Amino acid sequence: MAITTRIATHESKAVTLLFIGVALTYLLLFLGLPLFAVFYQAFSKGWDLYWVALQEPDAWSAIKLTFIAAGIAVPCNLVFGIAAAWAIAKFEFKGKSLLITLIDLPFAVSPVVSGLVYVLLFGAQGWFGEWLQAHDIKLLFAVPGIVLATIFVTFPFIARELIPLMQAQGKEEEEAAVSLGASGWQTFWRVTLPNIKWGLMYGVILCNARAMGEFGAVSVVSGHIRGMTNTMPLHVEILYNEYNFVAAFAVASLLALLAVVTLAVKSLVEWQAKRSGEPLHGA
Amino acid sequence: MAQLAASSKRVTTRFRAHSVLPGFNLALGFTLLYLSLIVLVPLSALFFKTATLGWGGFFDVLTNDRVLSSLRVTFLASLAAAVINAFFGLIVAWVLVRYTFPGKRIVDALVDLPFALPTAVAGITLATLYAPHGWIGQYFAAQGIKVAYTPLGIVVALTFIGLPFVVRTVQPVLEDVEAGVEEAAASLGAGRWDVFRRVIFPAIFPALLTGFSLAFARAIGEYGSVIFIAGNMPYISEISPLLIVAKLEQYDYAGATAIAVIMLLISFALLLGVNALQWWTSRRGVR
Amino acid sequence: MSITIENINKHFGAYKALDNINLEVNSGELIALLGPSGCGKTSLLRIIGGLELADSGKLLFHGEDVEARDARERNVGFVFQHYALFRHMTVFENVAFGLRVKPKKERHHEAEIQRRVHELLNLVQLDWLADRYPAQLSGGQRQRIALARALAVEPKILLLDEPFGALDAQVRKELRRWLRRLHDELHITSIFVTHDQEEALEVADRVVVMNKGKIEQVGTPDEVYAAPASPFVYQFIGNVNLFHSRDHAPWTEQHGDAVAYVRPHDIDISRTPQDDTALPVEVKLVRAIGSIVRIEVSADDSSELIEIELSRERFDTAPLVCGDRVFIRPRQFRVFETGDANELSAA
């Protein structure tokens with residue numbers, strides 16, 4: 001009986017191989033091949049052209065701007081994510097589920113629309129357009145607009161990761177810390193933060209990948225001024241539309257590298273969290 | 001503890017229950033301020049701007065042929081991509097959970113590539129691959145099928161973008177399906193296909209539907225990966241997000257906003273559906 | 001340090017968790033808060049510990065009002081039901097936590113912290129686990145570490161929430177005795193919450209029986225067992241038979257709606273009527289359980305079973321089998337008006 005049951009809950013060898021074959025072909029076609037193609041195209045005319053493409057000043061300024069935008073957006077959303085998760089996971093209050101839904105809102109918004117809302121606010125015809133113009137402040141088609149749009153599209157990433165995690169952990173450890181005489185900050189730094197470190201890193205990595213790679217929202221607010229308001233993805237677009245494929249794929253290869261590193265670190269975090277027996281995600 | 005947590009949910013007299021932990025006011029205050037400044041106020045601008053059009057103007061934008069075509073293309077391509085992902089995503093999830101093979105961990109990690117790879121990079125790469133002379137496109141071209149620069153290309157891009165959703169929602173649920181249930185079904189004489197159809201599939205169906213809806217919702221808003229491969233022919237392969245950009249470039253802010261509001265409403269409806277689905281399944285005790 | 005609780009009330013929304021609680025805990029006492037889940041015992045413990053606020057009432061430590069003092073200033077050691085050990089810290093760091101978070105001027109030198117933590121770990125007999133993480137410990141070990149951690153800050157009051165609730169039966173028993181010995185050594189005023197009557201009776205100096213947010217009885221383990229103050233206490237602590245006076249309890253001499261409560265071991269059993277109030281019954285079941293024999297009987301006109309416990313020796317002097325017709329009469333009983341009993345059955 002035991003033997004027949006065992007066989008009955010497994011597929012035949014042929015079906016197993018068929019499924020694995022279908023799955024791997026699908027993934028190879030849609031994921032493996034494109035990833036390989038990025039690097040292949042980037043190096044198709046040799047290393048020298050690749051380097052030349054990357055050393056171009058406009059490419060450099062795009063790289064710099066991308067790092068600036070992510071460098072501001074990620075910490076902002078990190079602080080927000082921690083504050084939101086602290087309030088939501090450790091306290092009982094009215095309207096909590098509404099708040100959680102609102103935090104998810106940017107995920108439901110098309111990237112283009114995310115950019116559009118800032119145009120409506122800060123554009124020449126926007127709510128604050130005249131005031132900004134009168135005070136000679138340029139938000140739109142400038143770096144602040146790009147940063148804002150980036151913050152918007154990556155808004156939920158870290159909070160989404162931390163809220164269920166901290167809810168699952170409960171508040172007993174924090175209560176224990178307080179009853180042992182710890183202050184609020186001591187409780188947070190010594191008890192809460194170490195408990196959420198893997199989830200936090202996970203959220204930061206994904207947030208950063210999206211921040212550096214965002215295209216639609218940034219495209220709407222950037223104004224596409226070469227060497228000024230172009231991030232790497234926007235620079236890729238310009239080069240591609242100019243049929244400068246080697247340069248386009250050279251810059252794209254950097255972003256693909258970022259994606260690969262992101263996936264590697266993400267797997268590493270998952271592995272570390274599993275190894276230390278700390279759940280990465282909430283229940 | 002359990003009874004305490006349960007009873008503290010019943011607090012009706014005060015805004016929040018007492019807690020010894022500090023920082024509530026600061027944390028919630030900052031959360032609400034940040035949420036309002038970054039998300040709520042900007043999004044509300046969308047609706048105020050649309051209001052300036054009036055119902056008539058809004059209706060005119062909606063019934064414009066080009067707008068309708070773009071919505072149709074966006075909707076149908078997203079639907080096709082989500083269906084493809086539901087089918088293959090289920091197989092991928094199944095293979096990743098049930099079978100072992102060399103390199104499985106790398107394959108598993110690779111599934112998240114569309115989350116990590118910037119959409120513009122995906123766009124130019126897919127366009128290159130599926131162009132008539134591209135690595136993949138040439139085989140289609142030989143059959144007389146054009147992929148890139150047609151609605152088919154849009155489906156390809158949206159399939160790439162939505163790939164992880166189904167896999168990642170089905171995977172954990174499939175892991176939770178108890179071997180015992182399957183063994184029980186098998187010992188009662190059910191064949192393998194019967195076991196899948198009657199025992200496993202009902203258990204993972206809500207997750208599959210959730211993954212499908214998420215992929216669908218994501219595809220509707222997608223921009224970066226599509227515009228390179230779509231060809232962007234008005235009435236044929238022009239997606240709604242691109243039309244928004246086009247209207248913006250002509251300084252037709254109200255028109256752009258009207259399309260944005262429609263898309264937003266579609267996305268909300270979808271996410272509402274997902275939430276309702278999750279609420280419904282959690283009530284049934286099935287994840 | 002003594003604890004005085006005066007007229008404490010606590011609501012959770014419309015739900016009354018604590019209803020006018022008054023309690024005096026003497027310095028150095030070990031008190032058990034005993035009751036079914038939802039009776040408010042955990043809420044009371046958390047209020048004493050400062051983890052929860054009472055809606056009204058007074059809480060005094062050694063005569064001093066501590067309502068305004070928050071949890072970190074109360075100098076109370078709290079042992080949580082699921083221990084709440086800091087999962088990312090070693091056992092040593094867990095115990096040292098309370099010493100390390102002290103304000104700079106009160107903080108001990110590292111060497112002193114080391115000494116005291118090891119002293120505490122020795123006290124709970126787990127010094128050899130100092131470098132382990134909580135996840136690597138057994139339930140009983142976690143429990144003792146949680147206690148050591150609470151004791152590290154030299155609390156004047158020790159509060160334990162279901163301290164043995166998550167442990168299996170064997171470990172439970174050992175830890176119970178160990179806690180009692182530890183308390184005899186340290187003499188810290190201690191209150192622990194439990195829903196297990198055996199635990200409360202075995203460990204505590206005095207037992208506070210709670211039900212539906214009210215205190216039913218306060219007394220020594222002997223008192224609450226031998227002289228329950230209410231039907232609830234009768235039923236909650238130990239087994240009890242209910243005799244509705246009108247039909248089956250002629251000895252009560254009670255009229256009207258009253259119920260007599262009789263412990264199974266307080267019933268005499270005999271083949272001949274003890275006196276004219278003896279109740280004729282038929283033996284339905286005889287079962288030897290360890291050192292006692294449990295006999296179930298029922299009166300002729302009733303299907304309700306009456307439980308009787310005899311010591312094995314006593315049973316052996318006059319063995320019974322199923323179907324025997326005998327007479328029973330209680331040696332000890334208590335009568336409560338039916339009004340109380342209704343309340344009881346609703347509990």
Which value in nm describes the separation of the simple spin-label points at B:His133 and A:His224, placed 7 Å from the Cα toward the beta carbon? 2.5 nm
With every protein chain left in place, what is the accessible area per residue of chain A in square angstrom, probe 1.4 Å? 41 Å²
Cβ under 10 Å from C:Ile3's Cβ, C:Ile3 left aside: what net charge do those residues give with Lys, Arg +1 and Asp, Glu -1? -1
Give, in nm to one decimal, the length gained when the segment between A:Gln55 and A:Thr101 is fully stretched (0.36 nm per residue of separation minus the Cα-Cα distance). 12.1 nm
Protection proxy ranking, peptides A:33-44, A:212-223, A:12-23, average beta carbon neighbours within 10 Å, highest first: A:212-223, A:33-44, A:12-23
Regarding chain A, what is the average projected area of its C-alpha convex hull, in nm²? 22.9 nm²
Kindly work out what percent of the DSSP beta bridges joining two residues of the protein assembly as shown are antiparallel, to the nearest 5. 75 percent
Per DSSP H run of n ≥ 4, the term is -39500 (n - 2.57); total these for chain C, divide by its residue number, and report the mean residue ellipticity at 222 nm rounded to 500 deg cm²/dmol. -8500 deg cm²/dmol
Please state the shape class of the stretch C:1-144: rounded when a/c is under 1.5, otherwise prolate if a/b exceeds b/c and oblate if not, all from the C-alpha gyration tensor. prolate
Please work out the C-alpha center-to-center distance from the stretch A:144-165 to the stretch C:65-143 and express it in whole Å. 37 Å
Report the gain in length on full extension from A:Leu29 to A:Val79: 0.36 nm times residue separation, minus Cα-Cα distance, nm rounded to one decimal. 14.1 nm
The distance between the Cα centres of the stretch B:182-227 and the stretch A:33-94, in whole Å, is 33 Å
Efficiency of FRET between A:Tyr243 and A:Ala124 - r from beta-carbon atoms, R0 30 angstrom, step 0.05: 0.35
Cβ-derived FRET efficiency at R0 60 Å, B:Phe101 paired with C:Arg107, nearest 0.05: 0.60
Would you mind classifying the stretch B:54-286 by shape? Square roots of the alpha carbon gyration tensor eigenvalues, ordered a ≥ b ≥ c; an a/c under 1.5 is rounded, otherwise it is prolate if a/b is larger than b/c and oblate if not. oblate
Pairwise label distance in nanometres, B:Trp279 with A:Val261, each label 7 Å out on the Cα-Cβ vector: 4.3 nm
Could you order the peptides A:174-183, B:46-55 from most to least packed, using the average number of other C-beta atoms within 10 Å per residue? A:174-183, B:46-55
Within a 10 angstrom radius of each residue's Cβ in B:38-50, how many Cβ atoms of other chains show up on average? Whole number is fine. 6
Packing-based ranking, highest mean first, of A:157-165, C:209-217 given that Cβ atoms within 10 Å are counted: A:157-165, C:209-217
Can you tell me the 0 to 90 degree angle between the C-alpha axis of helix C:139-152 and the longest principal axis of chain C, rounded to 10? 50 degrees
Tell me, how many Å apart are the Cα centres for the stretch B:42-82 and for the stretch A:108-124? 15 Å
Can you pull the mean other chain C-beta count within 10 Å for peptide B:76-88? 1
For the protein assembly as shown, what is the convex hull volume of the alpha-carbon atoms per residue, in Å³? 246 Å³
Non-local amide H neighbours of C:Ser2 (under 5 Å, H modeled in plane, Pro and chain starts lacking H): which ones? C:Ser27, C:His62
Say R0 is 30 Å: what FRET efficiency, to the nearest 0.05, do A:Ala14 and B:Phe140 get from their beta-carbon distance? 0.55
Quick check: from the Cα gyration tensor, does the stretch A:142-188 come out rounded (a/c under 1.5), prolate or oblate? oblate
Just how many % of Cα pairs in chain C lie over 40 Å apart, if you round to the nearest whole percent? 28 percent
Given charges of +1 on the Cβ of Lys and Arg and -1 on the Cβ of Asp and Glu, with all other atoms neutral, how large is the dipole of chain A about its Cα centre, in debye to the nearest 20? 540 debye
Can you tell me the accessible area per residue over the stretch B:54-286, all protein chains present, probe 1.4 angstrom, in square angstrom? 42 Å²
Counting only other chains, what is the mean number of Cβ atoms within 10 angstrom of the Cβ of each residue in peptide B:27-37? 6
Summing +1 for each Lys or Arg and -1 for each Asp or Glu, what net charge is found among the other residues whose Cβ lies under 14 Å from the Cβ of B:Ile259? -1
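The values are calculated or read from the model by the stated rules, or taken from the named source; none is laboratory data. Keep in mind it's a predicted model, so treat the numbers as computed, not measured. Neighbour counts are summed over all protein chains in view; Cβ atoms, including those assigned to glycine, are modelled from backbone coordinates with ideal geometry. Only protein heavy atoms, including side chains, enter the accessible area calculation; ligands, DNA and RNA are left aside. Shrake-Rupley method; radii C 1.70, N 1.55, O 1.52, S 1.80 Å.
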